[in-house]
Amino acid sequence: MKKVTILLGPVLLCFLLLSSRNIVVPQKNRTILEKVAELYEANFRKFQNEVEALAFLAENSEFSDDLKLKEQVEKTRLSYKKVEFIFDYYQTSYSGTYINGAPLPKVSEYFQAGKIIEPCGLQALDEAVYDDVTKENFQHIKMLANELKNRVDFIAKIHLPIQLKSSQLIECIRSGMVRIFTLGVTGYDTPGSINALEESYVSLQSMETAFLYFENDLSAEANTKFEALRKLFSKGKSTLKSSADFNSFDRLVFLKEIINPIYAGLLEFQNLNNIKLEPYKKHAQNYQAKNIFDTDFLNANFYSELVYLPLDNPKTIALGKLLFEDGQLSHDNQMSCISCHNPNKGFTDGLPKSVSNKEGFFTARNSPTIINAGYSTRYFWDMREFNLEKQVTHVIDDNLEFNTNFNAIITKLKSNSQYLKLFKVAYGGIQKEDINQRSISNAIAAYVNSLISINSPFDKYVRNEINEYPADAKRGFNLFMGKGACGSCHFAPMFNGTIPPFYLESESEVLGITQGFDTINPKLDTDLGRFANGLRLDHHPYFKNSFKTVSVRNIELTAPYMHNGLFANLEEVLEFYNLGGGAGMGLEVENQTLSDAPLDLSKQEISDIIAFMKTLTDVSEYTTTID
């Protein structure tokens, strides 16, 4: 693997300086916060020392020392877990790009903007030391270790000393709870060692230690909640410590009895102790939410800040619904958005590839659901668009879809007195003409953004709104988040590819999807996906055959599956993953991101996973009489 040179220009330096220094410590809480900061700095220095020891060992080791390298990588990762909940909160982009991001190539948006950052950091090391012992891989480990040392040394000079606010410390811990559940106990963070439970234990323990410093500055009202949280932290550690192994760990019980109660309890403690909510920077996570599966845990409007007008206006949403269902938006007045996104079919069309406006022709790809589409940073299967408004233009221009232009649509809408009135109410006075390209796109985007589905039987169960939940679905959830590794790509709570705990980036994956589901003589699908989406920053070999990771919510209603509609049912989908994707079936798949190792799921386990996914169905308020 090529070595990536670290280019630290003035823009990066300014960004990092601003993200570390402009934090004021309130005088009232100096003692507590200074103690936490002192402990944090000591732990960060220990992490820095472990990284240095790893780099030295990698540089001076031979093939026979692979066990020592594994042990040192483990020690280094565990030392990082003591500081990650604070470091990742303040240095989110640097952490995810260089320190502990997924072992996948990244398109850098902040550092070396537009450049491809090859897999690096602690996750890449965890994977590499468990790979085959070859001369090439050994050199790769040396390179990874040395780069990690350079990057940690650099960020330490900028990041330390750190100063904290009480509210931000609480937010660090709450985000850390999300991280443990979504990236820790799922095995996402430890792709080679699967040392997920021990790392989660260390993370939880470090957050507990920081929280307990509040003991000396409690209001009378907060004391009871403080003691309750102390017990929950202790119970959480015992749960992680007593689990027999990764596969048998009960993640559903852990969620309901540890993660969600601590997450809610910390917010209540913050309010009772009169700690003002002062987020350090904008995250998609709503820090006023009480439960990871609350309907407002993520703020859909966070992803639409660059649009014409906010997408939460009821008037524009209502107008957008009319436009969504109106065939006048197409050239021949026959096709509307609802042609491919039918509410009765989970806002899909039930076809492998959608019917086009030309008889006998189909579109290039399967029509995905648009429910919860707003919880993403990239749109379309090939991720070619960055916001919901601009997504509309692609459909209007496509010669197999609406095959028209905005001028033609505007002329039609202006001839309709109802639309003239509705656009005036929603957009009057903003521009010279109320009906224009931006207002049309904004209205449709507002409607799509309003299609939120987070009220399924599963959601109600983990929010303790209902007591009954099927036993097979319980087993299925634990398999989905554990042995099946589904939850390491389809992240809770939306079960899509937007990465926790801050939900700032959406992922694509190379799965090795085939042209037909032939496990004996498979042929790789020819659709290049993200690589050929027309964006220069994505035109890189890593992204050949790479497609957006979409949500599995309402998946019971949205067959057939994948970008090419390959799989007719969920049993086929699970069989494909169980085989290790295209590479697992023997294909040469360049840069497949899905592990080619078989999952060894039994028929019963596959059935259980499907049972869980079916409990994510929730579209009752959107069904209509439209066929």
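The values are calculated or read from the model by the stated rules, or taken from the named source; none is laboratory data. Keep in mind that what you see is a predicted model, and the values were worked out from it rather than measured. Cβ coordinates were reconstructed from backbone atoms using ideal geometry, including for glycine residues, and neighbour counts include every protein chain displayed. With ligands, DNA and RNA removed, areas are computed over all heavy atoms of the protein, side chains included. Shrake-Rupley method; radii C 1.70, N 1.55, O 1.52, S 1.80 Å.
Here are the numbers:
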item: Length released on extending from E257 to S219, taking residue separation times 0.36 nm less the Cα-Cα span; result: 11.1 nm
item: Theoretical ellipticity at 222 nm over the chain - DSSP helices of four or more residues, -39500 (n - 2.57) apiece, nearest 500; result: -13000 deg cm²/dmol
item: FRET E, pair I520, N455, Förster distance 51 Å, beta-carbon r, rounded to 0.05; result: 0.75
item: Tensor-based shape of segment 228-374 (alpha-carbon gyration tensor, a/c under 1.5 rounded, otherwise prolate or oblate); result: oblate
item: Solvent-accessible surface ranking, highest first, for K603, K231 at 1.4 angstrom; result: K603, K231
item: Segment 417-513: trypsin sites (Lys or Arg not before Pro) falling in loop per DSSP and having at most 14 other Cβ within 10 Å; result: K432
item: Net lengthening on full extension, N464/E575 (0.36 nm per residue, minus Cα-Cα); result: 36.7 nm
item: Per residue accessible area of segment 93-188, 1.4 Å probe, in Å²; result: 29 Å²
item: Formal net charge of residues neighbouring L57 (Cβ-Cβ distance under 10 Å; K, R +1; D, E -1); result: -2
item: Heavy-atom accessible surface of the chain: percent carbon and sulfur, 1.4 Å; result: 51 percent
item: Accessible-area value, L309, 1.4 Å probe, nucleic acids and ligands omitted, Å²; result: 50 Å²
item: Approximate spin-label separation D296-F56, in nm, with each point projected 7 Å along Cα-to-Cβ; result: 5.3 nm
item: Length added when fully stretched, L587-I430, from 0.36 nm per residue minus Cα-Cα; result: 51.0 nm
item: Order of exposure, largest accessible area first, which applies to M562, M383 with probe 1.4 Å; result: M562, M383
item: Under the Karplus curve 6.51 cos²θ - 1.76 cosθ + 1.60, θ = phi - 60°, whole-Hz ³J(HN,Hα) for segment 504-516, x wherever Gly or Pro sits; result: 9, 8, 9, 9, 10, 9, 9, 9, x, 4, 9, 6, x
item: Simple spin-label estimate for A228 and K75 in nanometres, 7 Å along Cα-Cβ; result: 4.2 nm
item: Cβ-based net charge around S356, under 13 Å, with every Lys or Arg adding one and every Asp or Glu removing one; result: -2
item: L351/L160 FRET efficiency (R0 41 Å; Cβ-Cβ; nearest 0.05); result: 0.15
item: Residue-level accessible surface for E221, protein heavy atoms, 1.4 Å, Å²; result: 110 Å²
item: Filtered trypsin sites (Lys or Arg not before Pro), segment 258-291: DSSP coil and at most 13 other beta carbons within 10 Å; result: K276, K281, K282
item: Backbone N under 19 Å from the S607 label point (7 Å along Cα→Cβ), restricted to segment 532-567; result: 556
item: FRET efficiency, 1/(1 + (r/R0)^6) with R0 51 Å, evaluated for K135 and S242 via beta carbons; result: 0.75
item: Cα-based shape type of segment 35-170, given that a ≥ b ≥ c are square roots of the gyration tensor eigenvalues and the cut on a/c is 1.5; result: oblate
item: Net charge of neighbours whose Cβ lies under 12 Å from the Cβ of A373, counting Lys and Arg as +1 and Asp and Glu as -1; result: +2
item: For E74, solvent-accessible area (1.4 Å; no DNA, RNA or ligand), Å²; result: 70 Å²
item: Inter-site label distance for K276 and L212 at 7 Å from Cα along Cβ, in nm; result: 3.1 nm
item: Nearest 10 degrees, 0 to 90: helix 30-59 Cα axis against the chain principal axis; result: 90 degrees
item: Segment 422-519: GluC sites (Glu not before Pro) in DSSP coil with no more than 13 other Cβ atoms inside 10 Å; result: E433, E465, E468
